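Structure first, commentary second.
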Amino acid sequence: SNKNYNNGKRFKEIFKDLKHEGKTVDILKIDCEGCEWEQYLQWIEDFQEANVTVRQILIEVHNSPLPFVVDFFKIMQEAGYVIFHKEANFLNSNCVEFSFVLLDKEFQRNES
């Protein structure tokens, strides 16, 4: 990506500014026009650092570049998030809306 996405604030800064540290956020909507591929690794780290539980993440992903997209879904699952809804953006065929919900990691355990 040629864009510079470092002009905005990280989630840990936003949580601090809004006095959300140590609290639960029910829904977090992310639509940052492609910044997700440069920032998603910070999100879970920021949630943990601010001691914030985010119950649902609604995100529009753009272009789905490899290998970032594979790693993104792996990171989300490892953090306890599962997809409960997805929808193509018919106005922009390169975008898909995903909705994640935070579940107990035991719920995702794979028993053979």
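The values are calculated or read from the model by the stated rules, or taken from the named source; none is laboratory data. Keep in mind the model is a prediction, meaning the values are calculated, not measured. In this analysis, Cβ positions are derived from the backbone assuming ideal geometry, glycine residues included, and neighbour counts consider all displayed protein chains. Ligands, DNA and RNA are excluded from the accessible area calculation, which covers all protein heavy atoms including side chains. Shrake-Rupley method; radii C 1.70, N 1.55, O 1.52, S 1.80 Å.
Miscellaneous remarks
- Condition check for W43: assigned to a helix (DSSP H, G or I), within 17 Å of E97 (Cα to Cα) and open to solvent by less than 100 Å² (accessible area, probe 1.4 Å): no
- Any chance S99 is surrounded by 12 or more Cβ atoms within 10 Å (Cβ to Cβ), at pLDDT 95 or above and polar (S, T, N, Q): yes
- Some residue of the range 14-22 being of a type in the set (K, R) and either open to solvent by less than 70 Å² (accessible area, probe 1.4 Å) or within 16 Å of L102 (Cβ to Cβ) (or both): no
- Long-range neighbours under 9 Å by Cβ, at least six apart or interchain, first residue free of Cβ contacts under 8 Å to residues at least 60 places away in the same chain and under 12 Å from H20 (Cα atoms) within the range 46-63, second among the acidic types (D, E) and open to solvent by less than 10 Å² (accessible area, probe 1.4 Å): V52/D46
- If the condition is being modelled with pLDDT under 95 and not in a strand (DSSP E or B), then the range 15-40 contributes D31, C32, E33, G34, C35, E36, W37, E38, Q39, Y40.
- Taken as a whole, the condition of being closer than 16 Å to C95 by Cβ, β-branched (V, I, T) and open to solvent by less than 40 Å² (accessible area, probe 1.4 Å) applies to V69.
- Among the candidates K86, K74, K9, the residue that is open to solvent by 100 Å² or more (accessible area, probe 1.4 Å), assigned to a loop (DSSP other than H, G, I, E, B) and not acidic (D, E) is uniquely K9.
Conditions tested, residue by residue: (1) over 13 Å from the mean Cα position of the chain (by Cα); (2) over 18 Å from F11 (Cα atoms); (3) not charged (D, E, K, R).
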site: Q42; (1), (2), (3): no, no, yes
site: E45; (1), (2), (3): no, no, no
site: N51; (1), (2), (3): yes, no, yes
site: P67; (1), (2), (3): yes, yes, yes
site: Q77; (1), (2), (3): no, yes, yes
site: C95; (1), (2), (3): yes, yes, yes
